[in-house]
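The values are calculated or read from the model by the stated rules, or taken from the named source; none is laboratory data. Please read these numbers as outputs of a predicted model, since none were measured by experiment. Every residue, glycine as well, gets a Cβ built from its backbone with ideal geometry; the counts of neighbours run over all protein chains shown.
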Amino acid sequence: MAMSRLLLRLRFKGKEHLPQEGAYLLVANHQSMFDGLWIMGGLPASQRPRFSVMAGSDLEEQYGLTGRIMFRVGKAIPIDRFGNPLRGLLLAKKSLEQGNIVLIHPEGTRSHDGRMGQVKNGAAYPAPKTKVPDIPVYIHGAYQAFSRHMSVPHPIDWKKMRRKKIIIDFCPPIHPGPQDDKDQIMEAMTAALQQKEDFYLGPRS
């Protein structure tokens, strides 16, 4: 995290929306392999030991040293991205019930072009089961620093001769109602993230 602050202009917005105590679910767009690390850096220091991120079970094996480091630093909850994800979702639900903080990327993979891809409603499975607050988180600028198309990070904008800026924007919490199901919750979270994307990147043409 210290290295990220040194090499990048890392900015956090909306931290006042984070619950001061108890479990909550973070739902974020996915631009880079370091998204979880940067989001964790925006949490109060006292909450970081309770943080974990849902990550593809293939991350540790197929993405080299970087994947293994991120798997461990993020205390990853493994999920099968290409088969049955239920076991991983049940582990996330259990972690929330134990009072922890869990990050989910509902796209299931990193962005191909810097914009949000199609979300998977199943990612919201833990929300109606636990009734914890759900915090949409929009990540802006990470795609330019370390996209899926880069083998190493590119933290410097050499044309402008300055560090690239990454913004982690925490949105107001969504509180699941008694009758809300995962589809309704994911629709609300996706709408919040889409609103942020339109703000930072403009509406899709």
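Data table
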item	result
Filter result (modelled with pLDDT under 95 and of a type in the set (Val, Ile, Thr)) within segment 19-58	VAL53
Among the residues listed as GLY114, GLY122, the single one being in contact (Cβ under 8 Å) with a residue 24 or more places away in the chain, under 23 Å from LYS75 (Cβ atoms) and not in a strand (DSSP E or B)	GLY122
Yes/no for GLU16 being modelled with pLDDT of 95 or more, among the acidic types (Asp, Glu) and either within 18 Å of PHE170 (Cα to Cα) or outside any loop (DSSP other than H, G, I, E, B) (or both)	yes
Members of segment 5-15 that are surrounded by 13 or more Cβ atoms within 10 Å (Cβ to Cβ) and either under 23 Å from MET186 (Cα atoms) or free of Cβ contacts under 8 Å to residues at least 60 places away in the same chain (or both)	LYS13, GLY14
Hits in segment 19-54 (condition: under 21 Å from ASP113 (Cα atoms) and assigned to a strand (DSSP E or B))	VAL27, ALA28
Test result for ALA142, surrounded by 15 or more Cβ atoms within 10 Å (Cβ to Cβ), modelled with pLDDT of 95 or more and aliphatic (A, V, I, L, M)	yes
Matching residues in segment 101-139 - criterion: being under 16 Å from ILE185 (Cβ atoms), of a type in the set (Val, Ile, Thr) and crowded, with 23+ Cβ neighbours inside 10 Å	VAL102, ILE104, VAL132, ILE135, VAL137
Selection count where residues are touching a Leu at 6+ places or on another chain (Cβ under 9 Å), over 30 Å from ASN100 (Cα atoms) and small (Gly, Ala, Ser), scope segment 128-158	0
Tabulated pairs, segment 16-39, first more than 15 Å from PRO153 (Cβ to Cβ), second assigned to a helix (DSSP H, G or I) and among the acidic types (Asp, Glu), C-beta under 9 angstrom, 6+ apart or interchain	ALA23/GLU97; ALA28/ASP35; ASN29/ASP35; ASN29/GLU197
Of all residues in segment 150-193 being farther than 16 Å from HIS17 by Cβ and touching a Phe, Trp or Tyr at 6+ places or on another chain (Cβ under 9 Å), the one that is surrounded by the fewest Cβ atoms within 10 Å (Cβ to Cβ)	VAL152
